[in-house]
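S.K.: Quick one: the structure is below, questions incoming.
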Number of protein chains: 2
Amino acid sequence: MAFHEFIQLDKNSPEAMYIQIYNEIKKFIENGSLKPHEKLPAIRNLGSKLSVNNVTIVNAYKMLEQNGLVYSKVGSGTFVKGDDNLSNVEDKENIKKSLTGPKEGTVHENKSEINFATLTPDPVYFPVQEFKEAMNEVLDRDGGYAFAYQEAKGYYPLRESLRDYIINRKVNTDIEDIHIISGAQQGIDIVSKALINFNDTIVVESPTYTGALAAFRSRGANIIEVPIISGGMDLELLEEALKKYSPKLIYVMTSFQNPTGISYSDEKKQGLLFLAKKYNTYILEDDYLPELKFSGKETYPVKAIDTEDRVIYLKSFSKIFMPGIRLGFLAVPKSLTSNIMSAKHTSDISTSSLMQRTFDLYIRKKKWQGHIERMSKIYKNKYDITIKALREVTPFIEFDNPEGGIHIYCKSDMDSLMLGSIIKQRGASVVPGRVFYLDNREDTHFRLSFAAVEDDKIEEGIKIIRNAYMDLKNLNSGNLFPYL
Amino acid sequence: MAFHEFIQLDKNSPEAMYIQIYNEIKKFIENGSLKPHEKLPAIRNLGSKLSVNNVTIVNAYKMLEQNGLVYSKVGSGTFVKGDDNLSNVEDKENIKKSLTGPKEGTVHENKSEINFATLTPDPVYFPVQEFKEAMNEVLDRDGGYAFAYQEAKGYYPLRESLRDYIINRKVNTDIEDIHIISGAQQGIDIVSKALINFNDTIVVESPTYTGALAAFRSRGANIIEVPIISGGMDLELLEEALKKYSPKLIYVMTSFQNPTGISYSDEKKQGLLFLAKKYNTYILEDDYLPELKFSGKETYPVKAIDTEDRVIYLKSFSKIFMPGIRLGFLAVPKSLTSNIMSAKHTSDISTSSLMQRTFDLYIRKKKWQGHIERMSKIYKNKYDITIKALREVTPFIEFDNPEGGIHIYCKSDMDSLMLGSIIKQRGASVVPGRVFYLDNREDTHFRLSFAAVEDDKIEEGIKIIRNAYMDLKNLNSGNLFPYL
């Protein structure tokens, strides 16, 4: 029997035709009737066989692709994914790049590649069942009220849970100073709205998270980059900048900084706070992934030693949980509370009430801690494999291993945009260092994250990087043999 | 047996103590053991009887209040709500006011009042069961992928559903021009980010939605108010403004405008579009509540006749569904797509994937249309009662009845801030007209919404308004008898 004859459609069902087709094909992939890398029928062909519009087939295939079940190759068709590449993570850096610069939009994304670019965890690790139970319990408990507007600062019990949670980070804050937000990016955007007006100056680490640069730029801010060196920002250069520009804000990531992986030393944290006070400015501290600490002694954020109410503390749950929950929080100095509330309200009034209530119950049922521990083990294993594999490619590619986190900042002696492009052609991806600078300057670093790469693909991926490096090196030295 | 002896607590349960107390008291309210308006034990008293911290009791009571089960009176304690006032809606206008001006923060909110200020529907109308089923189906279908990042524009199938949905509004748009957003406020904020830079000019209707003014102001825009008259904006004054200031954007609500309730005539819509083209600017059209059309012939948005790609179409689902789902969409001119994507990404990367998928399934199962029809009947009934009750207080209070929507713009000959304050003291609330102007100028209008007021409280509420008016009138004329 031909493939299309297995597909059962019900034209009277309320379900859209393309969803029915999606579900049928999904079933065949899951029960093994369709094998990994098997080609799906051509769109026109299947459309005419099933007597549906071609657009319907396109949509069904698109949905299969979005859900990580198939991949497409331009010009050759749509194929069933293998176990080796069942991953649907969207590449946050890639979206950003496609939006902010011409350099990256040109590279076509291949869903079957070994993706060292994304920082988003593999959806398979999301605790769907536990989360679903919590959500149903909330709906049974609160009914329609689960969808009412919250207090502007967020659902009170969740703020309470988070206040208790950050005591682990030695941060003592008042429930009234906690503001629930829809993820870290919104946190940065809201702080920008609350503090930065046109032509104000702010200071960032260099290199830094591109999403933060975009938010600051969107406010018309003058952005001053201060290099990050061993143990944190270069405080001498920071002081010069503070003296010269009187910035409104210093944006820092004190643990496993993105992209460098550097964590701040205690001295740097003290120094940073001292300077913020001396020059009367605020610190926006993005407490990025401290939960994933694999070696060395425990460290705490600047906020933990902030006796002067200088630090706006930002925490997202995307990187360890799942980005789709869109939740994070700010713990802010009392003097900023009303500005922050107003900026949040102007942005989107409030964060999804159902998500807030569900996450609160999830924490209260002690599920959250368990999830962090599970993810920590999973990531630690990936981290070990990555470090081991990278050691084998030194000295071509150098790196300092951070004491945790989900990415390594690597350096070669080649421009990383060129290198990244060749890596891409060979079926893997990394993020070239230049996207982390304001002027996209030429750079030989690249960021390699193992967050979404399966354990047994890490070594293969790093070999691709090594080979790409060797090829580029040979190409540059005029020696095309033996790599090209 | 004393009250506290009925409360069963389990100190070994993972559930927080205050949630257990909340659940116990909720049970007693729901099964009638606690009667409407019965006083709950004093906090200290119950705390010591149950051997828990007073803060725990405060939290439990606070949660009961947040969930609309009890109300508190300053100085006298906490009381069980009656059936007459089971409503927990947060007052959006009040939040806004408490953030943007000193005039309103001073008025203390009373949860048992007859709330004509809020535009948010009563949570009891939310179709919890249907929504829960759709959500569980999505979680079973998509697993962890339901929490992955979406495409920047939003979940493709939902964009498809919405494309089909707005064909009802005679809007034909490409799926690729639809962008999912987290509610109308975010839509306005994102359009502002995409189009407005410091010192750019934009035009708004006067009076207009305060949240829009806040978003435009936050971008450092110069805001020009053009009066709304019968049938829409005053086009002569609009043309003068366009000629003089070359604004980037004209922000309009063409159906049941907030706050005036005015809908645009066909001529005004044509004229608006003509001027936007002539002066090379964009229209941001907030298609506010056209679903609630109770009389007169069907009308369509400006977007429906937009052959020149001048209209950014904005649609939220908060007012007819529930604000807590935080969903809406933009249908934008092709020339703006990449700017809008970038602004959305900078704001919060993407809207909750689970909510997008759930709402999509909800639409595809044809539940959404049924919900609109139910809500339309409920609101039509409230509308009729409101109009009838208001007719009895003319000519003291005048109004034009709109052909639909959820609010009436009323006018007296008294300053509405004074009037609103007296109404508040008497146990009801309205929104004084001055909050809808840039300069909060003195105004004799007020907005009266029946969205969250129970049918049998509407007449009582309008009597309160009438009596407040008469008292103020007498007070102003020096005659204190017989009202004070």
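S.K.: Roughly how crowded by other chains is peptide A:357-366, in terms of the mean Cβ count from those chains within 10 Å of each of its Cβ atoms?
M.R.: Shielding by partners across A:357-366 averages 2.
S.K.: Take every DSSP beta bridge whose two residues both sit in the range B:168-266, then give the antiparallel share in percent to the nearest 5.
M.R.: Here the antiparallel bridges make up roughly 20 percent for the range B:168-266.
S.K.: Give me the inter-chain shielding for A:316-328: mean count of other chain Cβ atoms within 10 Å, whole number please.
M.R.: Partner-chain Cβ atoms within 10 Å, mean over residues of A:316-328: 4.
S.K.: Can you find, among A:Leu354, A:Ser218, A:Gly144, the residue sitting farthest towards the positive end of the charge dipole of the range A:128-365, where Lys and Arg contribute +1 and Asp and Glu -1 at Cβ?
M.R.: Positive-end residue among those listed: A:Ser218.
S.K.: Still on this structure, please answer the following. List, shortest first and in nm to one decimal, how far the label point of A:Ile372 (7 Å from Cα along Cα→Cβ) is from its counterparts in the other copies.
M.R.: The projected label point of A:Ile372 is separated from its counterparts by 4.5 nm.
S.K.: Restricting to the range A:210-367, compute how many DSSP beta bridges are antiparallel as a %, nearest 5.
M.R.: Roughly 45 percent of the DSSP beta bridges within the range A:210-367 come out antiparallel.
S.K.: Tell me which of A:Ile325, A:Thr260, A:Ala241 sits at the most positive position along the dipole axis of the range A:128-365, charges placed on C-beta atoms (Lys, Arg +1; Asp, Glu -1).
M.R.: A:Ala241
S.K.: Could you size up the charge dipole of the range A:105-226 around its Cα centre, putting +1 on the beta carbon of Lys and Arg and -1 on that of Asp and Glu, and report it in debye to the nearest 20?
M.R.: Dipole size: approximately 300 debye.
S.K.: For label points placed 7 Å from Cα toward Cβ, what is the shortest-first list of nm distances from B:Asn476 to its copies?
M.R.: Result for B:Asn476, in nm, nearest copy first: 8.0.
S.K.: Which trypsin sites (Lys or Arg not before Pro) in the range A:1-76 pass both tests, a DSSP loop state and at most 12 other beta-carbon atoms within 10 Å?
M.R.: A:Lys11
S.K.: Based on the Cβ-Cβ distance of B:Phe396 and B:Glu240, what FRET efficiency does E = 1/(1 + (r/R0)^6) give at R0 = 35 Å, to the nearest 0.05? Display every interim value, and only then the final one.
M.R.: Numbers: r = 36 Å, r/R0 = 1.03.
The computed FRET efficiency comes out at 0.45.
S.K.: Just order A:318-326, B:29-37, B:119-127 by mean Cβ neighbour count inside 10 Å, highest at the front, would you?
M.R.: Highest mean packing first, the order is A:318-326, B:119-127, B:29-37.
S.K.: Moving on. For the protein assembly as shown, what is the charge dipole size about the Cα centre, in debye to the nearest 20, if Lys and Arg each add +1 at the Cβ and Asp and Glu each add -1 at the Cβ? Walk me through the numbers on the way to the answer.
M.R.: Numbers: 124 positive and 128 negative charges, 13 e Å.
The dipole of the protein assembly as shown has a size of about 60 debye.
S.K.: Moving to a separate point now. Using a ≥ b ≥ c from the Cα gyration tensor of the range B:295-340 (square roots of the eigenvalues), is it rounded, prolate or oblate, where a/c under 1.5 gives rounded and otherwise the larger of a/b and b/c decides, a/b for prolate?
M.R.: The shape class here is oblate.
S.K.: Grab the Cα-Cα distance for A:Lys39 and A:Ala2, subtract it from 0.36 nm times how many residues apart they are, and report the gain in nm with one decimal.
M.R.: 12.0 nm
S.K.: Would you kindly work out, in nm and rounded to one decimal, the distances from the label point of A:Glu239 to those of the same position in each other copy, ordered shortest first, with label points 7 Å along Cα-to-Cβ?
M.R.: Reported distances to equivalent positions: 6.5 nm.
S.K.: Only four residue types carry charge here, +1 at the Cβ of Lys and Arg and -1 at the Cβ of Asp and Glu. Report the dipole size of chain B about the Cα centre in Debye, rounded to the nearest 20.
M.R.: It works out to roughly 460 debye.
S.K.: Over 23 Å between Cα atoms, which of B:Lys293/B:Lys319; A:Lys193/B:Lys62; A:Lys367/B:Lys81 qualify?
M.R.: Violating the 23 Å limit, Cα to Cα: A:Lys193/B:Lys62; A:Lys367/B:Lys81.
S.K.: Nearest the rotation axis from B to A, which residue of chain B has its beta carbon, and at what whole-angstrom distance?
M.R.: In residue-and-Å form, the answer is B:Phe198, 2.
S.K.: Work through the residues other than A:Glu225 whose Cβ is under 11 Å from its Cβ and net out their charges, Lys, Arg +1 and Asp, Glu -1.
M.R.: Summing Lys/Arg as +1 and Asp/Glu as -1 gives -2.
S.K.: Starting from the 7 Å offset along Cα-to-Cβ, what nm value, one decimal, do you get for the label separation of B:Lys388 and B:Asn339?
M.R.: 5.0
S.K.: Which distance in Å, rounded to a whole number, links the C-alpha centroids of the range B:140-192 and the range B:41-57?
M.R.: 48
S.K.: Using the count of nearby Cβ atoms within 10 Å as a rough guide to exposure, how do B:Tyr18, B:Tyr251 rank from fewest to most?
M.R.: Result, fewest neighbours first: B:Tyr18, B:Tyr251.
S.K.: In whole Å, what three semi-axes, largest first, describe the equivalent ellipsoid of the range A:128-365 built from its Cα gyration tensor (square root of 5 times each eigenvalue)?
M.R.: Working: eigenvalues 191, 77, 46 Å².
So the equivalent ellipsoid measures 31, 20, 15 Å along its semi-axes.
S.K.: Does chain A come out rounded, prolate or oblate, given a ≥ b ≥ c as the square roots of the eigenvalues of its C-alpha gyration tensor, rounded meaning a/c under 1.5 and, failing that, prolate meaning a/b above b/c? All intermediate terms of the calculation are to be shown ahead of the outcome.
M.R.: On the way: a/c = 1.95, a/b = 1.25, b/c = 1.56.
Here chain A falls in the oblate category.
S.K.: Moving on. Okay, helix-only estimate at 222 nm for the protein assembly as shown: each DSSP H run of n ≥ 4 adds -39500 (n - 2.57), divide by all residues, round to 500 deg cm²/dmol; what do you get?
M.R.: The per-residue figure over the protein assembly as shown is -13000 deg cm²/dmol.
S.K.: Let me ask you something else. Among A:Ser376, A:Ser76, B:Ser265, which comes first, second and so on when ranked by fewest other beta-carbon atoms within 10 Å?
M.R.: So the residues, fewest neighbours to most, are A:Ser76, B:Ser265, A:Ser376.
S.K.: Is the shape of the range B:287-365 best called rounded, prolate or oblate, per the rule: a/c under 1.5 gives rounded, else a/b larger than b/c gives prolate, else oblate, with a ≥ b ≥ c the square roots of the Cα gyration tensor eigenvalues? If you can, show how the numbers build up before the last one.
M.R.: Details: a/c = 2.27, a/b = 1.10, b/c = 2.06.
Judged from the Cα gyration tensor, the range B:287-365 comes out oblate (a/c at least 1.5, b/c at or above a/b).
S.K.: So which trypsin sites (Lys or Arg not before Pro) in the range A:269-318 pass both tests, a DSSP loop state and at most 11 other Cβ atoms within 10 Å of the Cβ? If you can, show how the numbers build up before the last one.
M.R.: Numbers: sites: A:Lys269, A:Lys277, A:Lys278, A:Lys293, A:Lys297, A:Lys303, A:Arg310, A:Lys315; in loops: A:Lys297, A:Arg310.
Sparse-neighbourhood loop trypsin sites (Lys or Arg not before Pro): A:Lys297.
S.K.: Excluding residues on the same chain fewer than 8 positions from A:Lys248, give the aspartates and glutamates whose Cα lies under 12 Å from its Cα.
M.R.: A:Asp200
S.K.: To continue, here is another question. Count neighbours as other Cβ atoms within 10 Å of each site's Cβ, and list the GluC sites (Glu not before Pro) in the range A:350-429 that are DSSP loop with at most 13 such neighbours.
M.R.: Filter output for the range A:350-429: A:Glu392.
S.K.: Something else: To make sure I understand the rule: partners must be lysines, Cα under 16 Å from the Cα of A:Lys243, and not fewer than 8 residues away in the same chain. Which ones qualify?
M.R.: Straight-distance partners of A:Lys243: A:Lys277, A:Lys278.
S.K.: Give, in whole angstrom and from largest to smallest, the semi-axes √(5λ) of the equivalent ellipsoid of the range B:3-85, with λ running over the eigenvalues of the Cα gyration tensor.
M.R.: Values for the range B:3-85, descending: 20, 14, 11 Å.
S.K.: Can you work out the FRET efficiency for the pair A:Arg441 and A:Glu176, with r the C-beta to C-beta distance and R0 = 30 Å, to the nearest 0.05? Spell out each step's value before the answer.
M.R.: Numbers: r = 43 Å, r/R0 = 1.44.
Taking R0 as 30 Å, the efficiency between A:Arg441 and A:Glu176 is 0.10.
S.K.: Take the alpha carbon atoms of the range B:266-338, find their center, do the same for the range A:317-394, and report the distance between the two centers in whole angstrom.
M.R.: 36
S.K.: Would you kindly derive the ³J(HN,Hα) couplings of the range B:180-189 from the backbone phi angles with the Karplus curve 6.51 cos²θ - 1.76 cosθ + 1.60 (θ = phi - 60°), listing them in order in whole Hz, with x for Gly and Pro?
M.R.: 7, 9, 8, x, 5, 4, 5, x, 5, 4
S.K.: Need one number: % antiparallel among DSSP beta bridges in chain B, to the nearest 5.
M.R.: In chain B, approximately 55 percent of DSSP beta bridges are antiparallel ones.
Every read-out reported here was derived from the displayed coordinates using simple, explicitly stated rules and does not represent laboratory data. Predicted, not measured: the structure shown is a model, and the values here were computed from it. Methodologically, a virtual Cβ is constructed for each residue, glycine included, from the backbone with ideal geometry; neighbour enumeration extends over all protein chains shown.
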